[in-house]
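Beneath this line is the structure, given in structure tokens, with notes to follow.
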Amino acid sequence: MTANLLRRKLDADEADITVVDKSTEHFYQPSFYLIPFGYLEPDQSEHVDDLLKPGVEFVHDAVVGVDPDEKTVSLEQTADLEYDYLVVTTGHRLDPTATPGLLEAWQETDEVYPFYHYEAALEMRDALENFEEGTFLVTQPDTPIKCPGAPLKLTMLAEDYFRRKGIRDDVEVVMTRNAEHHFGVQPYRDKLYEIWNERDIEFKENVSVEKIDPDAGVVHGADGEKIEYDLYAPVTPQFGQEAITEGSPLTDGSEDGEYVTIDKHTCQHDEYDDVFALGDCENAPHSKTAAAARKQAHVVSKNLTSMIRDKAMLAEYDGYAACPLLTKKGKAMLAEFDYEEPISAPVESKMNWIMDVNVLPSVYWDAWMKGYDPLP
């Protein structure tokens, strides 16, 4: 989206624009928690070449490092790329090996599906169809995660799925998080508690997952707690991409060394003026959602265009994030907030469901990814 916005703003003689990606396929990640229930079709990807505007070059290679002093990007298979300006949008790295037992539980049993992985989301469809009774468990890691609302949405949709299937009385639905609350922003949190209490969904607070025992079907918490499961959807631990965290100094200023350090309003790096970052890879204190990255894309494209043209950077990101919280089939609550305050009311509606499931995928592919946005 950022590359296409820049291509629309800048004339061909002003800038050459190159996108580097290790994958040729771009996935609609908000579909991953919907695929297991059949609410979106499994094939939710597009070839990168089909998304980029004419005049944007695509390099299919993996980035292994960035030298902002020499202004070069090192690639795995081809020669280094030189740049005048760099936009870092590397996102999160999913690491199932960071939780002992997680990878084995996924690969060697039929009960564990880390649904942030596309393959696991696909596999979970059959598991849900065959599940008849027991404990359905969702856990979250201690690391920051992209789309913090996704575990809640999966939990609520699963509870509703079991109810529709007629097995709700035979299923215990549990979600954990290593925090005091399942959602961080009011007033949406209280509304969610109200919904979960009405539907007997259990939330276990301050649970840090230490390891998984797939043979016993048990999750071990750091405090010694043991949680048994029959069907388990863990959120995989997530980190910055090693090309940035290990192969560049761009994350040196962050507390844990995982995120590119930027000004939270301009999205410009706090040390290297010619570097910008947006999305899940940077340390601005916003929720890591696609809605946040979408707003940041406009800010980066405007400010970078101004910089190239030797004008003042005036665009500012206000921390906007949005999370359509799907509470059950046909109902959703839209949580919208910025750095300062909530924006939308905590109201469930059919319209919110239609917007998220039926409208946004097309808008995502046909408008936002192509650099068009009717509501920037």
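The values are calculated or read from the model by the stated rules, or taken from the named source; none is laboratory data. Given the structure is predicted, the values throughout are model-derived calculations rather than measurements. Methodologically, a virtual Cβ is constructed for each residue, glycine included, from the backbone with ideal geometry; neighbour enumeration extends over all protein chains shown.
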Query raised in the report: Failed condition for PRO144, given (1) over 29 Å from GLU198 (Cβ atoms); (2) touching a strand residue (DSSP E or B) at 6+ places or on another chain (Cβ under 6 Å); (3) buried (at least 17 other Cβ atoms within 10 Å of the Cβ), with all others met?
Result: (2)
Query raised in the report: Which of the residues spanning segment 269-315 are touching a residue at least 40 places away in the same chain (Cβ under 8 Å), over 22 Å from the mean Cα position of the chain (by Cα) and closer than 19 Å to TYR339 by Cα?
Result: ALA315
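Counting just the residues of segment 1-14 that are of a type outside the set (Lys, Arg) and crowded, with 17+ Cβ neighbours inside 10 Å, which one comes out farthest from the chain's Cα centre (by Cα)? Don't jump to the end; show me each part of the working.
As a first pass, look at segment 1-14 and keep what is of a type outside the set (Lys, Arg): 1-6, 10-14.
Filter once more, keeping what is crowded, with 17+ Cβ neighbours inside 10 Å: 1-6, 10.
Details: MET1: 16, THR2: 17, ALA3: 19, ASN4: 21, LEU5: 21, LEU6: 23, LEU10: 29 Å.
Checking each candidate, the answer is LEU10.
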Requested in this report: Please tell me if SER23 is surrounded by 14 or more Cβ atoms within 10 Å (Cβ to Cβ) and either in contact (Cβ under 8 Å) with a residue 24 or more places away in the chain or not β-branched (Val, Ile, Thr) (or both).
Outcome: no
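Among the residues of segment 97-134, what is the count of those that are hydroxyl-bearing (Ser, Thr, Tyr), surrounded by fewer than 15 Cβ atoms within 10 Å (Cβ to Cβ) and in a helix (DSSP H, G or I)? It would help to see each step written out before you state the result.
Quick first cut of segment 97-134, residues hydroxyl-bearing (Ser, Thr, Tyr) only: 97, 99, 109, 113, 116, 118.
Cutting the leftovers down to surrounded by fewer than 15 Cβ atoms within 10 Å (Cβ to Cβ) gives us 97, 109.
Narrowing the set further to residues that are in a helix (DSSP H, G or I) leaves 97.
So the answer is 1.
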Query - Residue satisfying all of: in segment 53-75; more than 25 Å from the chain's Cα centre (by Cα) and acidic (Asp, Glu); surrounded by the most Cβ atoms within 10 Å (Cβ to Cβ) among these - result: ASP67
Requested in this report: Can you confirm whether segment 283-304 contains a residue that is buried (at least 21 other Cβ atoms within 10 Å of the Cβ) and part of a strand (DSSP E or B)?
Outcome: no
**Report entry** Check on ALA233, of a type in the set (A, V, I, L, M, F, W, C), crowded, with 17+ Cβ neighbours inside 10 Å and outside the structural domain of GLN107 (by TED's automatic domain parsing)
**Finding:** no
Query raised in the report: Has segment 40-52 got any residue that is surrounded by 15 or more Cβ atoms within 10 Å (Cβ to Cβ), over 19 Å from the mean Cα position of the chain (by Cα) and modelled with pLDDT of 95 or more?
Result: yes
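Just one of ALA322, ALA345 is crowded, with 17+ Cβ neighbours inside 10 Å and either within 22 Å of ASP190 (Cβ to Cβ) or at pLDDT 95 or above (or both); which is it? Write out each step before concluding.
Values: ALA345 fails: crowded, with 17+ Cβ neighbours inside 10 Å.
On inspection, the qualifying residue turns out to be ALA322.
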